[in-house]
1. How much mean residue ellipticity at 222 nm does the chain get from its helices, if each DSSP H run of length 4 or more adds -39500 (n - 2.57) and you divide by all residues, to the nearest 500 deg cm²/dmol?
2. Skipping prolines and chain starts, which residues have an amide H placed within reach, meaning under 5 Å, of the one on G12, given they are 5 or more residues away or on another chain?
3. Sort K60, K95, K123 so that the residue with the fewest other Cβ atoms within 10 Å of its own Cβ comes first and the one with the most comes last.
4. Output wanted: per-residue J couplings in Hz (rounded whole) for segment 61-78, from phi through Karplus 6.51 cos²θ - 1.76 cosθ + 1.60, θ = phi - 60°, x for Gly and Pro.
5. Go through segment 29-42 residue by residue and turn each phi into a ³J(HN,Hα) via Karplus (6.51, -1.76, 1.60, θ = phi - 60°); whole Hz please, and just put x for glycine and proline.
6. Classify segment 35-87 as rounded, prolate or oblate from the Cα gyration tensor: take a ≥ b ≥ c as the square roots of its eigenvalues, call it rounded if a/c is under 1.5, otherwise prolate when a/b beats b/c and oblate if not.
7. If amide hydrogens are placed 1.01 Å from N in the peptide plane, which non-local residues have theirs closer than 5 Å to the one on V31?
8. Remind me, relative contact order of segment 63-218 in percent, using alpha carbon pairs under 8 angstrom and six or more residues apart?
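Quick note: the coordinates plus some simple rules give every number you see, no bench work behind them. What you see is a predicted model, and the numbers here were worked out from it, not measured in a lab. No Cβ is skipped: glycine too gets one built from the backbone with ideal geometry, and neighbour counts run over all protein chains shown.
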Amino acid sequence: MLTLGVLASGSGSNFQSIVNNIESGYLNARVAVLISDKPDAYAIERAKKHNIEHLVLNPKDFPDKDAYYSHIAKELKRRGVELVILAGFMRVVGKALIDEYRNRIMNIHPALLPSFPGLHGQKQAADYSVKISGCTVHFVDEGMDTGPIIIQAAVPAYHDDTEETLGKRILKQEHKIFPYAIKLYSEGKITLESRKVVISGDREDFAVANPPIDELKT
Ligand code: GAR
């Protein structure tokens, strides 16, 4: 069983979809701890409801970024976390954590990377008036949303979309592809060749890299 550590800053609906897919038996994993940088993040309430240990770690309580991320890495390691999940964690992760969990940190981003990295991916796409947008699960490296892409889902975008309307459409897909990427990882189906993610079986069966979404609980 794969041991996860989740970092979240906000509502935590992605965290919830992961928990739901664990509880339904779709994902053979457990969440050892939820860590939030914000004491009022709704994700914490979700953790409480599901009896998942939670920690609030405010960067302001640490002398610098390195100390903050070293501490997070230590908390994750002592709970045996194997894969770190950034579920709406609104910070650029520090090197101390990346070095400790190289290629074992997954992030979800609300745009089709490499377009619209950084904050407000949905707003950037709506303002640009793209005709297709979506979301991306990728491994985290030192850059801003630049790590190897694992999986993506596309949604239509319309001329009158706003950050909210497009964001809602994208979020529905986020709730599906994030658990799916974790499932692929837990089954050993993801390998890295340099910065290229290889998903075994995806050439023979396109559906392997394009989730059978109906199985997922959102
Ligand atoms: C999600 O849309 C996620 O893709 C985005 O924050 C939202 C969190 O929602 N993440 C980023 O923009 C990271 N740069 P949630 O708290 O309900 O899961």
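1. -10000 deg cm²/dmol
2. So G12 has HN proximity to A43.
3. K60, K95, K123
4. 8, 10, x, 7, 4, 5, 5, 4, 6, 5, 5, 4, 4, 5, 5, 5, 5, 5
5. 8, 9, 9, 6, 7, 10, 10, 10, 8, 10, x, 9, 5, 5
6. The shape class here is oblate.
7. Close amide H contacts, sequence-distant or interchain: L4.
8. After rounding, I find 17 percent.
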